[in-house]
Amino acid sequence: LEEMGAICVIHGENNIGKSNVLEAMQLFFQLLKVQYQHNLVLSTEMSFSEIKQLGIIADEIFNLENPGAIELNAIFEIEANELKNAGIEELLPTSIVQINQRLKPIYGTFDYQLTQFKFADGTDVTDANNEQQSYAKQIAKFLAQSILPLKAENADNRFILIGTDRHISEKEREAKRGMMSQSLCLQLYDAKESREIVYRNRWKLIVRTLQKFNDILGDGEFSVLFDRKTGHAELGFESPSSVLTPIEMLGSGIQQAVALIARLLMSRATFVAIEEPELNLRYTLQLRLREVLYEIVKSNVGPQQIFLTSHSPAFEYGEHFYAMRTTSNGPIIERRSTQGAESFTQHYAITSLPTADKRKAALCYVSNEGLVQLPERIRQLLGIEQGGGIMLLDDENGQVELLSDEKFYDLVEPIDEQK
């Protein structure tokens, strides 16, 4: 992935490996912890338990048929003022820092190697003096941890991956509460009431960006309350009359968007990867979510860089996206112009396909379970923008007509079977 911007979108078919790319990023940062938990480690043998302590499930990361070595190479751009704010005195130039790591399974254990740790002046600390290696250890910790505010006990992962369930840990899954875990609601309340301005600003940014959905929800804003008796926090939408509608009573699409935005800003991570942000959102709301993501990365309050996998062209940002496709040599990723995203994703819901008789056609999709996905324009014509029943009317010539329930019963009179 080259020339990466603030929002990076990866498109590709199902089961091609898009999620693997995001998980590889996560693995890189997990392995980077080895460098600051010990002295700079160039090569070491690691057990299953040591791998697990880094948050890595070994059985889930290696190829099942040919479990060979995984090589992860990353280049970072670090500004001097970032190090200064973290209390690190610059010894080697960090405008460009290249780090290569390698993990290989060997008879029930794992061989970990740091194959390159090179700075902008060409210094590779894998073959350097103790002072430079000590500095590299500080840089590794800086890259792997996010500290807001600057207190060690508040250190969090610099990189997080938000999956399609919108949770990032098993603990959250166990405490799942609709689409918003109780732990996440408590984090929101703590941010709202925090004395630390950085956390309060994140809560304010959540409230401000979620107002982009007010045309659906009406006047009001999101608020979070805490019940001392139960020890539970409640997130909801508060109307001007102070009525708080719990988030569980809102539409599933809005719940999904709120959970995603909340997780994005409560994670305290600098780099965030998100799988399929379009889930449960109609296309116009996907475009609105893109506006929210753009506002977040430009705010200097939340994550600085966001990585997305998606089947929708709604999240394009900048001049290019990353197209992932299969070849005879395996999957590859190519940088392409954003103008080609609609064609690559085969997303024709926002355009009309002309036919010879001047009618407009739209490409729809039927899953292997028989579920039908209709473009927004067709749903509007049928009067079922928010979903609803449809009827498929076929005749003896094999022609099929799609109607809403209402239009079907207006058109067709039921047959009296007794006559």
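The values are calculated or read from the model by the stated rules, or taken from the named source; none is laboratory data. Owing to the predicted nature of the structure, the values given are computational and were not obtained by experimental measurement. Quick reminder, even Gly has a Cβ in these numbers, built from the backbone with ideal geometry, and neighbours come from all protein chains shown. Keep in mind that these areas ignore ligands, DNA and RNA; they rest on the heavy atoms of the full protein, side chains included. Shrake-Rupley method; radii C 1.70, N 1.55, O 1.52, S 1.80 Å.
Fully extended, how many nm does the chain gain between A74 and D127 (0.36 nm per residue separation, minus their Cα-Cα distance)? Provide the component values of the computation, followed by the final result.
Numbers: separation 53, 0.36 × 53 = 19.08 nm, distance 1.87 nm.
Gain on extension, A74 to D127, equals 17.2 nm.
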>> Given a Förster distance of 25 Å, report the FRET efficiency between T109 and N14 from their Cβ-Cβ distance, rounded to the nearest 0.05.
In response: 0.15
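Let me check I've understood the local charge: for K298, count other residues with C-beta under 14 angstrom from its C-beta, Lys and Arg +1, Asp and Glu -1. What total comes out? Don't skip to the answer; put the middle values down first.
Numbers: positive: R208, R290; negative: E291, E295.
Once all neighbours under 14 Å are counted, the net charge is 0.
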>> Less than 12 Å Cβ to Cβ from L308, Lys/Arg counted +1 and Asp/Glu -1: what total charge do the surrounding residues give?
In response: -2
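Carbon and sulfur: what percent of the chain's accessible surface (1.4 Å probe)?
Values: 10920 of 23580 Å².
Its accessible area is 46 percent carbon and sulfur atoms.
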>> Nearest 10 degrees is fine. How inclined is helix 197-210 to the longest principal axis of the chain, computing both from alpha carbons?
In response: 20 degrees
> Projected onto the charge dipole of the chain (+1 at Lys/Arg Cβ, -1 at Asp/Glu Cβ, origin at the Cα centre), which of V400, Q30, A314 gives the Cα projection farthest towards the positive end?
Replying inline: Q30
> With each pseudo-label sitting 7 Å past Cα toward Cβ, what's the A86-D394 distance in nm, one decimal?
Replying inline: 6.2 nm
>> Quick check on my link table: of K52/K104; K192/K212; K212/K298; K33/K298; K18/K118; K204/K298, which ones sit more than 24 Å apart, alpha carbon to alpha carbon?
In response: K33/K298; K18/K118
>> Just to confirm my numbers, what's the Cα centroid distance between the stretch 23-101 and the stretch 263-293 in Å?
In response: 26 Å
> If we sort 2-8, 296-302 on the protection proxy, mean other Cβ atoms within 10 Å, highest first, what's the order?
Replying inline: 296-302, 2-8
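Would you mind getting me the FRET efficiency between L287 and A24? Use the beta-carbon distance for r and R0 = 25 Å, nearest 0.05.
Details: r = 29 Å, r/R0 = 1.15.
In this case the efficiency is close to 0.30.
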> Applying 1/(1 + (r/R0)^6) with R0 = 51 Å to the Cβ-Cβ distance of V412 and Q182, what FRET efficiency is obtained, to the nearest 0.05?
Replying inline: 0.55
>> Once you place label points 7 Å from the Cα toward the Cβ at E221 and S242, how far apart are they in nm?
In response: 1.7 nm
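Could you give the accessible area per residue of the chain, probe 1.4 Å, as a whole number in Å²?
Details: 23580 Å² over 419 residues.
Counting only protein heavy atoms, the per-residue value for the chain is 56 Å².
So what is the relative contact order of the chain, in percent, for Cα pairs below 8 Å that sit 6 or more residues apart? Walk me through the numbers before you get to the answer.
On the way: 638 pairs, mean separation 68.0, N = 419.
Relative contact order of the chain: 16 percent.
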> Quick one: if you stick a label point 7 Å off each Cα along the C-beta vector at S95 and E401, how many nm between them?
Replying inline: 6.9 nm
